[in-house]
Amino acid sequence: MARTRLYRNGVLEAEDFPVSEVSDHLRDPSAVVWLDMCAPDEEDLAQISEELGLHELAVEGALAHRQRPKLDVYDSHMFLSVYAGAFDQETGSLDVAEASAFITENVLVTVRKTEGFVIDEVVRRWDSSSSLARHGVAFLLHGLLDYVVDSHFDAVEAMDEQVEALEGTLFEDRPIGSAEQRRTFEMRKSLALLRRIVMPMREVVNTLLRRHDDSGDEAMLPYFQDVYDHVLRVTEWTESLRDLVANIREAHLTMQSNRLNLIMKRVTGWAAIIAVPTMITGFYGQNLPFPGFERPWGFWVSTFLIVLVSALLYRSFRRRDWL
C-alpha cells in the first residue's frame, strides 16, 4: 500500500491521499509531494514513470535487487539507491534493507524492497524538523539520508562492542572455543558487508553537496554536510574494526599455535623422563648375565639410577620451562 504526503509552502497539508491525485497536486509549483511504495511491481512503477518522465534505466534500477549504493543524475531527475543496516547482536550478522528514490524538483518517490527499511523512522525525522519543510525535496531527501547513515552508525557502534568482547577472550586461560571462532568469522562477514554499503555513500552525499552548492540553495548545505561527516566517521570506524577483527583472528591462531607448542614441550619432557626407567628396566630385564645379576644390590642400583636420572631430567626441564 502506497503512502503519500503533500507539503505546500512548507506546511503539511495532506497525508495518505490516493496516488491518482499526485498529478493534480503537481500542477501547483508550491506543492511538494512524497510517495512511498513497498515492493512494487513493474506495472506499479510504469504509472509513476509516465507521470514523472523517469528514465527507463532508473526504473530498472528500482526494480532490480542488490544495486550498489549510488546517485545517478538524469536530465529531469535523480535516482538514488541506498541500504539501511541493522546489526543482530545474537547472531553477529548484519541485516540490510534496500531502498531506491526518484528525486525531482517537487517530488520524492521512495521505493522500498522490504518492510525492513523502516519508513516510519524517516517520517518521524521529517516531523521532528518540520521547520525545514519549506526547503522542499531537499528537506525530504535529508531526512531519508539521515536515517540511512544513522542506521550505519548504530550498526558499527554495536559491532564495536562485539569486537571489544572478542578482544577480552584473547587473555582468558581457557582455549579459544568454536563459538568465539564462529563469532569472529561472522563479524568479518558483517564488516565486509557494511563496508560495501557505506563506502559508496561518501560519493553519494558529496555529489548532493556539490549540486546544492551550484544551485545556490545554501540553507540545507550544513545539514547535508553533517550527514557527510557521519558518513566519513562510519567509514573510518568500519575500516578500523575490519583491521582489528583481522588482528584478533591472527592473535587467535598465534595463541593456539603457542598453546600447542607448550603442550608438545610438556609431553616431550614427560616422555623423556619416562624413557629413563624404561631404558634401565629394559637393560636389567635381558636374559644375559650383567653386573648385579641375581643380587640384591643390583635392584637397588637400578632403582637409584631411575630416581636420580629422572630427577635430574625433571629439574633440567623445569629450568627451561618445559614442565
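The values are calculated or read from the model by the stated rules, or taken from the named source; none is laboratory data. Predicted, not measured: the structure shown is a model, and the values here were computed from it. For neighbour counting, all protein chains shown are included, and Cβ atoms are generated from backbone atoms with ideal geometry for every residue, glycine included. Areas reflect the complete protein model, heavy atoms only, side chains present, ligands, DNA and RNA absent. Shrake-Rupley method; radii C 1.70, N 1.55, O 1.52, S 1.80 Å.
Solvent-accessible area per residue in the chain equals 55 Å², computed with a 1.4 angstrom probe and all protein chains kept.
Reported to the nearest whole Å, the Cα centre-to-centre distance from the stretch 41-107 to the stretch 199-272 is 26. Once the Cβ-Cβ distance of Glu13 and Ala179 is raised to the sixth power relative to R0 = 51 Å, the FRET efficiency obtained is 0.40. Summing Cβ point charges (Lys, Arg +1; Asp, Glu -1) relative to the Cα centre of the chain gives a dipole of roughly 3420 debye. Result for the chain in a Gaussian network model with C-alpha springs under 10 Å: among Arg249, Arg112, Arg182, the largest mean-square fluctuation is at Arg182. The listed residues Lys113, Lys265, once ranked by accessible area (1.4 Å probe) with the largest placed first, stand as Lys265, Lys113.
When every Cα-Cα distance of the chain is counted in 10 angstrom steps from zero, the calculated P(r) takes the values 5, 20, 21, 13, 9, 7, 6, 6, 5, 4, 3, 1, 0 percent. In this label model, Arg259 and Ser76 are separated by 6.6 nm, measuring between points 7 Å along each Cα→Cβ vector. Restriction of the trypsin sites (Lys or Arg not before Pro) in the stretch 1-84 to DSSP coil positions whose beta-carbon has at most 10 other beta-carbons within 10 angstrom yields Arg27, Arg66. Summarise the accessible area of the chain (1.4 Å probe, protein heavy atoms) by the percent that is carbon and sulfur. Using a 1.4 Å probe with all protein chains present, the chain comes out at 53 percent carbon and sulfur. Of Leu191, Leu308, Leu145, the residue with the greatest mean-square motion in the GNM of the chain, using alpha carbon springs below 10 Å, is Leu308.
Computed extension gain for Arg210 through Arg318, at 0.36 nm per residue and net of the alpha carbon distance, reaches 31.9 nm.
Remark: spin-label model distance Asn247-Ser93 equals 3.0 nm, labels positioned 7 Å along the Cα→Cβ axis.
Placing +1 on each Lys and Arg Cβ and -1 on each Asp and Glu Cβ, with no other charges, gives the stretch 22-103 a dipole about its Cα centre of roughly 380 debye.
Compared with the direct C-alpha span, the chain from Phe304 to Glu236 gains 17.6 nm at full extension, assuming 0.36 nm per residue. If you build a Gaussian network model of the chain, linking Cα atoms that sit under 10 Å apart, which residue out of Glu203, Glu161, Glu90 swings the most? Among Glu203, Glu161, Glu90, the largest GNM mean-square fluctuation belongs to Glu90. If the chain linking Glu218 and Arg134 were pulled fully straight, counting 0.36 nm for each residue of separation and taking away their Cα-Cα distance, it would gain 28.9 nm.
Within the chain, helices built from complete DSSP H runs that reach 18 Å or longer along their own axis (Cα positions) and carry a mean Kyte-Doolittle hydropathy of 0.5 or higher are 296-319.
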